[in-house]
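Please read the structure below before turning to the comments.
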């Protein structure tokens, strides 16, 4: 069985209500295995078995809901016609104008049109024909954009807000309440227009990320240069970036000095000086000098491309609150429809009264109780929060992890590269048993040349200043948390921690600082002594985290206890677990989780990947991290240190707070207006304000998350 994953642009998917309809329509179909939605960009991803389900069936199912599915094109979207871009605005204005003229005609005829806005009766007086025509025109113009979707949702017995609006207009017309029907139609069109505007703002916030991506690059060939599309560039070529240009690739600077603004990727507000040997990243801005860089990653593999993919994919991982609200709405909607029907039918049968009066009351209750505001209360908040966090250099892989981050009260840190500078410095190399310093340098370089671990990189920086050749290596094996072993130039050697040395039967005592041992069998050949100082800013960041309610902070490290204790004492961390292997870190995290703690594991390398995957939330510090660490993490800090942790916690808690505000606002608004109905204050236009007003309020409240700054 070969599954196919297709992405579609859904025309007509404007809010989470349509997402729920699409889930119901496609979720239970044989052959469909997974559905993903990006409501802001109108995107749907379907994973299906093409042998059991043809793509045409997907198109047909979407069309059956009054929407249209077209193949997603990551390139430029086809230019819409003027009418497609402006039809909603024109029709809403036309509806409003016709309504206003009708009201003015009523005012001239009766002299008391304001009363008709508060009571739906017209005291039995005939309505002037010109006013009647204006109201009919207002109803038609206001309802036109949603008419097809409303009719199709009624046809499949899954009425949405458009269908409820259409029923209300027909009901008002049937009862002779032409002004109310016109008012309902206009307010609905206006609300849809404002909702589209608010969604456009959220869409623009994410689309602006794509603006950081240059389409062309200047490539240097010996004595000349030329522009070429980024897709045609090869690894190892040299790109030239002038002041004011966006850097198109990840690479190493080979020539030039300049300041680079990395705020897009890392959230750093201060430009960083780059010179020969410095790393630069796609999407960052060259400020004041010309830089030549050797391309180390093509655009599609760059940090920027990975960032964009993660932001895009994050919108498909729904928060628990979003899933709860959707499940609640599935029960709530039919219950409310049944209640409305009972109000319209039961009282006139058993209590007396006019059928038209109770039918009208039922329509009002139905409109007030529509769940649109409730359903949209969470996804817009999450999308806005994920986009603004990415702007600050914090990549969150989904609303679920953003919501979980708000609940963290325990933080576990790796030491090297997280609480320390991550770039240890070799202080000395001591040799024994006939091994010369030159031989030690050659072997060390041969064993560590392909490693991304900070200790390995520190050794390589030291070795490259002293030797210019490396020895052939075979049978290489890395034992995470201990070290490596391999055959180097025909000789079986190992390189690792004090723990590894003792396991090999070497009798040696550890000294101060970080130490790495080189040996053969049970014979010690060399010891490398290093120092990795704690980050000075980490002390203040940890204090800030305590002020944010993080009650327990601990260090998990494979380093020796003496080294770990020194760092912990400097930073004020009271709980230290040293000399533990990666698997033991993960087991410790699981034990904390089993005790009911919500733990976030903060790490930066392959040694932390299993622990991050085991934690309630895994947070990767990306500066020196590996791709494996980033894959295992739920959240990535692009700045390369923990300065963004306080922002992450505040941001996550703000998003959670807004979600709770929105759900409360949606429910309380409906309750207040239902109470008004019980006291006899009931008009269809008030019902529309209750529903669409609440929808707009929660949407604009959610968009406040776009303005959050680090």
Where a label projected 7 Å from the Cα of residue 147 along Cα→Cβ would reach, residues of segment 85-108 with amide N under 19 Å:
85-99
Once residue 477 and residue 290 are pulled to full extension, the length gained, defined as 0.36 nm per residue separation minus their Cα-Cα distance, is 63.1 nm
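Taking the Cβ-Cβ separation of residue 107 and residue 681 as r and a Förster radius of 25 Å, what is the calculated FRET efficiency to the nearest 0.05?
With a Förster radius of 25 Å, E is 0.65.
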Expected unfolding gain across residue 83-residue 487 under the 0.36 nm per residue rule, minus the alpha-carbon gap, is 138.3 nm
Any idea how far apart residue 565 and residue 194 come out in nm if each label point goes 7 Å out from Cα toward Cβ?
6.5
Sort 182-189, 669-676, 384-391, 496-503 by packing, meaning the average of other beta carbons within 10 Å per residue, with the highest value first.
182-189, 384-391, 496-503, 669-676
For the residue 174, residue 90 Cβ pair and Förster radius 22 Å, calculated FRET efficiency rounded to 0.05 is 0.20
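Highest mean first, how do 276-283, 226-233 rank when packing is the count of other Cβ atoms within 10 Å averaged over residues?
Averaged packing, sorted descending, gives the order 276-283, 226-233.
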At residue 100 and residue 590, where each label point lies 7 Å from the Cα along Cα→Cβ, what is the point-to-point distance in nanometres?
6.8
Want the number for residue 469 to residue 667: 0.36 nm per residue separation, take away the alpha-carbon distance, what's left?
64.1 nm
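Compute the FRET efficiency between residue 451 and residue 349 as 1/(1 + (r/R0)^6), taking r as their Cβ-Cβ distance and R0 = 56 Å, and round to the nearest 0.05.
Between residue 451 and residue 349 the formula returns 0.10.
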Quote the relative contact order of segment 3-71 in percent (integer), defining contacts as alpha-carbon pairs under 8 Å separated by 6+ residues.
44
For the ranges 128-138, 608-618, what's the packing order if you count other beta-carbon atoms within 10 Å of each residue, average per peptide, and put the highest first?
608-618, 128-138
In range of the label at residue 436: residues from segment 464-485 whose backbone nitrogen is under 18 Å from the point 7 Å along Cα→Cβ
464-472
Contact order relative to length of segment 425-531, as percent, for alpha carbon pairs under 8 angstrom and 6 or more apart
30
Pair residue 533, residue 548: separation of 7 Å Cα→Cβ label points (nm):
2.6
Give the order of 576, 659 when sorted by the count of other beta carbons within 10 angstrom, beginning with the fewest.
576, 659
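Bear in mind these aren't lab numbers, they're just calculated from the coordinates by the rules spelled out. Values in this document were obtained by computation on a predicted structure and should not be read as measured data. Using ideal geometry, Cβ is built from the backbone for each residue, glycine included, and neighbour counts are taken over all protein chains shown.
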